[in-house]
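Reading through the structure tokens given below for one structure.
The values are calculated or read from the model by the stated rules, or taken from the named source; none is laboratory data. Everything quoted here is computed from the prediction, not taken from an experiment. Ideal geometry is used to build each Cβ from the backbone, glycine not excepted, and the neighbour counts take in all protein chains shown.
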């Protein structure tokens, strides 16, 4: 036991005062004369014995009351497990993620967490030092605070959109504490214990720090949010009907029978839809609209939900004016099927060359290169193809059935399987790998009796190592192979002349080459997550003196992204500087290169949290001896935390004992007359 104010113990010397009073009774006697004192002498002896007993009891009660009063002022305490000493540091983690916007009977969890943190700070000594950490990981918090400063800083903390996991928080906290002078350390963690972020199973706590978790529990609430969106088609074009799929999720415990969602494109409401979702389930909505412009389109899908509403809006952006540049290199007169395929569709920009007249500058601009039955493959073309492959351009190789030398040089340079002897057995295509991502959306249902291409001649391919067989002949030989390690690469085992196969006239010809064209396009994501360092790759980037900038559509924010050369393009990275959701543009000079849409992370949308009992079970299973899960801190700071912080105080007990001593004195005076 220790004393908060041990100087008051000097007051115990005052116990000598009642002793002196009782030892030296200065009362004056009054003489009374009686005629006969025989009986008074007997009475005097009896009264003198009782009087001495009474005086000793009164003395003891007064000494007891006075001693208890002195000890109460000295404030005896049994020290708790909390930190103390000249180098003691207390770390405070205040969870300010979106899930802390939830409420219980005492108000929003975040407001309660701030009040509990301030209560804990106020209960510490004035000389205490504090380290403050939130999900924002702010640089201004990377220092030690005094008691007054940390109270002021806690009042300034706001909800932050970028969630952090518990392992990330503890790693930053422990790294900072390792850099301060050695001393006792403890950490208070105030959070709602959301399972998606409070990853207790993955933490590695520092055994030199005592951690105390103060849980805050929310009432069960409904949270419906927009999870994601995507188009049925990878390419959006002006004048075509577009189908936008939107996924909604209900993370609440109650179903939503009737809700409404609306689609806004370029600040104009375009479509509305309704939904109903069972508890813990998802629903998919479909919005259909006509793309009416070539300019960048900024879209927003929104719903109404309470109390968690940070995830009720979902932003996306796309470029409907994309055209795919395609280069076809073939022997003169053998490109007719590709002219028919690509020249009639405004989506494509086809360019045709013979094997003797190739414009390499145009080749570098292409997103799909078709090498159609080349009888001669020059070294210049082979070198250029290797560079283009590194830039992510898709390449299709259709072999020449009359020039094995050209085939061998081309396949070796592209690191494709070697074609062996020519098989003239007439075979049908017997198998299509419909489950491959390449054929996604091509077949509604592939029946066994489906009419597939007829092949009259084909090369045998003995090894398909590193390749995916997309189509196979009846004898098991591959007809079409693909490889996507660096960039999409496709190899046929036959040609498209009439005497070789009927593939060019078959119904599969169009979807197969459309898919190949789409695979060569660098499809931009419709949206990204705010606050994350997600790089964006731009093909065929032209450097200028003026650096590119990312600017918000409202023109209230502008940053210069980091540029890194990658192949024939550049990779741009904002390094997490864009933390607010909404619309942005990548601008080079005066030209808008790319529209960008950012959304808050949906990690905080899942409302499942650990109960204190579940958290304790995890801690017990991991054997974290210095990690304590306190009882819920919804109404006040738990008594166990107060005792740990301030110790067990006894001054109230000694006040009561002093009063009991005075009461005992009064009883003795009245009863022993």
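Which condition number in (1) modelled with pLDDT of 85 or more; (2) over 30 Å from residue 297 (Cα atoms); (3) surrounded by 15 or more Cβ atoms within 10 Å (Cβ to Cβ) is the one that residue 221 fails?
(1)
Please verify whether residue 527 is surrounded by 16 or more Cβ atoms within 10 Å (Cβ to Cβ), in contact with a strand residue (DSSP E or B) (Cβ under 7 Å, 6 or more places away or on another chain), without any contact (Cβ under 8 Å) to a residue 40 or more places away in the chain and within 23 Å of residue 228 (Cα to Cα), treating the condition exactly as stated.
Considered against the rule, which asks whether it is surrounded by 16 or more Cβ atoms within 10 Å (Cβ to Cβ), in contact with a strand residue (DSSP E or B) (Cβ under 7 Å, 6 or more places away or on another chain), without any contact (Cβ under 8 Å) to a residue 40 or more places away in the chain and within 23 Å of residue 228 (Cα to Cα), residue 527 comes out as no.
Just checking, which of 388, 398 is at pLDDT below 85 and assigned by TED's automatic domain parsing to the domain that holds residue 499?
Being at pLDDT below 85 and assigned by TED's automatic domain parsing to the domain that holds residue 499 holds for just one of 388, 398, which is 388.
Of all residues in segment 537-585, count the ones that are within 25 Å of the chain's Cα centre (by Cα), modelled with pLDDT of 80 or more, within 28 Å of residue 311 (Cα to Cα) and not in a loop (DSSP other than H, G, I, E, B).
The qualifying residues number 11.
Within segment 106-129, track down each residue that is touching a residue at least 24 places away in the same chain (Cβ under 8 Å) and within 21 Å of residue 159 (Cα to Cα).
Within segment 106-129, 106, 109, 110, 112, 113, 114, 116, 117, 118, 119, 120, 121 qualify.
Does at least one position in segment 617-625 carry a residue that is in contact with a strand residue (DSSP E or B) (Cβ under 7 Å, 6 or more places away or on another chain), surrounded by 14 or more Cβ atoms within 10 Å (Cβ to Cβ) and modelled with pLDDT of 90 or more?
Within segment 617-625, one or more residues are in contact with a strand residue (DSSP E or B) (Cβ under 7 Å, 6 or more places away or on another chain), surrounded by 14 or more Cβ atoms within 10 Å (Cβ to Cβ) and modelled with pLDDT of 90 or more.
Being within 42 Å of the chain's Cα centre (by Cα), outside any helix (DSSP H, G or I), touching a residue at least 12 places away in the same chain (Cβ under 8 Å) and surrounded by 18 or more Cβ atoms within 10 Å (Cβ to Cβ), is that true of even one residue in segment 494-515?
Scanning segment 494-515 turns up no residue that is within 42 Å of the chain's Cα centre (by Cα), outside any helix (DSSP H, G or I), touching a residue at least 12 places away in the same chain (Cβ under 8 Å) and surrounded by 18 or more Cβ atoms within 10 Å (Cβ to Cβ).
When residues of segment 180-210 are filtered for being under 23 Å from the mean Cα position of the chain (by Cα), closer than 21 Å to residue 119 by Cβ and in a strand (DSSP E or B), how many remain?
Adding up the residues that qualify gives 5.
Does residue 440 satisfy the condition of being farther than 30 Å from residue 233 by Cα and free of Cβ contacts under 8 Å to residues at least 24 places away in the same chain?
No, not satisfied.
Applying the selection to segment 226-263, what residues are in a loop (DSSP other than H, G, I, E, B) and in contact with a strand residue (DSSP E or B) (Cβ under 6 Å, 6 or more places away or on another chain)?
Hits for segment 226-263 are 232, 236.
Which condition from (1) in contact with a strand residue (DSSP E or B) (Cβ under 6 Å, 6 or more places away or on another chain); (2) in contact (Cβ under 8 Å) with a residue 40 or more places away in the chain is the one that residue 145 breaks?
Just one mismatch for residue 145, condition (2).
Can you tell me which residue within segment 631-650, out of those that are touching a helix residue (DSSP H, G or I) at 6+ places or on another chain (Cβ under 8 Å) and within 17 Å of residue 114 (Cβ to Cβ), is modelled with the highest pLDDT?
632
Name the single residue, out of those in segment 439-458 being touching a helix residue (DSSP H, G or I) at 6+ places or on another chain (Cβ under 8 Å) and surrounded by 18 or more Cβ atoms within 10 Å (Cβ to Cβ), that is nearest to residue 482 (Cα to Cα).
439
Those residues that are in a helix (DSSP H, G or I) and either over 18 Å from the mean Cα position of the chain (by Cα) or closer than 16 Å to residue 213 by Cβ (or both), I need them from segment 169-179; list them, please.
169, 170, 173, 174, 175, 176, 177
Applying the selection to segment 473-491, what residues are more than 17 Å from residue 511 (Cα to Cα) and at pLDDT 85 or above?
Selection gives 473, 474, 475, 476, 477, 478, 483.
If residue 217 passes every condition in (1) in contact with a helix residue (DSSP H, G or I) (Cβ under 6 Å, 6 or more places away or on another chain); (2) assigned to a loop (DSSP other than H, G, I, E, B) but one, which one does it miss?
With (1) in contact with a helix residue (DSSP H, G or I) (Cβ under 6 Å, 6 or more places away or on another chain); (2) assigned to a loop (DSSP other than H, G, I, E, B) applied to residue 217, the lone miss is (1).
Among the listed residues 294, 345, 311, identify the single one that is in contact with a strand residue (DSSP E or B) (Cβ under 8 Å, 6 or more places away or on another chain) and within 30 Å of residue 266 (Cβ to Cβ).
311
For residues in segment 337-373 being modelled with pLDDT under 85 and more than 24 Å from residue 521 (Cβ to Cβ), which is surrounded by the most Cβ atoms within 10 Å (Cβ to Cβ)?
355
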